[in-house]
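Input: a single structure, listed below in structure tokens.
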Amino acid sequence: MLSQSTNDRNRDFAFQRLRTAFPDWESVSRAPSTAIAEAIRPAGLANQKSVRIRDILHWVKATYGGFDLSPLCGQDPREVSATFMQLKGIGIKTISVVLMVACGANVFPVDTHVHRICQRLGLVPQGLSAEKTHELMQPLVPPGKSYSLHMNFLRLGRTICQARKPRCAECPVALWCPSSSLFESE
């Protein structure tokens, strides 16, 4: 949730501050939202995110008896996603990242970078939302490949295939990219 509407540096700094201010998730769940907001302020939207984080922690504890999410790992990712997406502040990207990283689930999170790569490579039509891109890409990713594909697309989008100035001449997939000719002269 901290990564929403911010960059990686601010997200990481906010998370570090949160972990410094609160030793465990129980402490975060019991803290006033103003104290959480102060800790996560570098991530932006701190007042909104702090309330959501605390509410989600309360729900997780009430639902699972604590903050251990390992019981999710044995469940159908689609059912887990549907359940968690009912909570304010959790979308398909957030729950997909949790399931992929914590459980090794074969889900394909689509953030802004992955979304851009999928569109530029012509894997999905231009103009789709990230959510629709997730829906279309999920069945295309071979079992056991979602983590590596996500991480490689993420790295490519952050370092080479950037939104404003893609560096197509350095791109390892430029030969197969229908968009590379659009940016070559820049």
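The values are calculated or read from the model by the stated rules, or taken from the named source; none is laboratory data. It should be emphasised that the depicted structure is a prediction, and the values quoted were computed from it without experimental measurement. Here the Cβ positions follow ideal geometry from the backbone for every residue, glycine too, while neighbour counts run over all protein chains shown.
Numerical summary
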read-out	value
Selection count, segment 5-19, where residues are under 10 Å from ALA43 (Cα atoms), not basic (Lys, Arg) and not in a loop (DSSP other than H, G, I, E, B)	6
Condition check for ILE117: more than 30 Å from ASP68 (Cβ to Cβ), surrounded by 13 or more Cβ atoms within 10 Å (Cβ to Cβ) and modelled with pLDDT of 95 or more	yes
Unmet requirement for ILE90, which otherwise passes all of (1) part of a helix (DSSP H, G or I); (2) of a type in the set (A, V, I, L, M, F, W, C); (3) within 26 Å of GLN48 (Cα to Cα)	(1)
Sole exception among (1) modelled with pLDDT of 95 or more; (2) in a helix (DSSP H, G or I); (3) of a type in the set (Val, Ile, Thr) for VAL107, by number	(2)
Number of positions in segment 56-87 that are assigned to a helix (DSSP H, G or I) and either without any contact (Cβ under 8 Å) to a residue 40 or more places away in the chain or touching a helix residue (DSSP H, G or I) at 6+ places or on another chain (Cβ under 8 Å) (or both)	21
Selection status of ALA102, of a type in the set (A, V, I, L, M, F, W, C) and under 20 Å from HIS150 (Cα atoms)	yes
Residue in segment 39-55 that is over 22 Å from MET151 (Cα atoms), part of a helix (DSSP H, G or I), hydroxyl-bearing (Ser, Thr, Tyr) and not assigned by TED's automatic domain parsing to the domain that holds LEU154 present	yes
Residues of segment 5-30 satisfying the condition of being among the acidic types (Asp, Glu) and either closer than 25 Å to TYR64 by Cα or touching a Lys or Arg at 6+ places or on another chain (Cβ under 6 Å) (or both)	ASP24, GLU26
GLU26 vs. criteria at pLDDT 95 or above, under 28 Å from LEU149 (Cβ atoms) and part of a helix (DSSP H, G or I)	no
Every pair of residues 6+ apart whose Cβ atoms lie under 7 Å, when the first sits in segment 36-47 and is farther than 11 Å from SER3 by Cα while the second is among the β-branched types (Val, Ile, Thr)	ILE36/VAL28; ILE36/ILE53; ALA46/ILE40
Checklist (1) out of contact with any Lys or Arg (no Cβ under 6 Å at 6 or more places or on another chain); (2) at pLDDT 95 or above; (3) of a type in the set (A, V, I, L, M) applied to LEU182, failing item	(2)
Test: residue in segment 145-152 that is at pLDDT below 95 and among the charged types (D, E, K, R)	no
Qualifying position, being at pLDDT 95 or above, crowded, with 16+ Cβ neighbours inside 10 Å and either touching an Asp or Glu at 6+ places or on another chain (Cβ under 7 Å) or not hydroxyl-bearing (Ser, Thr, Tyr) (or both), among PRO166, PRO125	PRO166
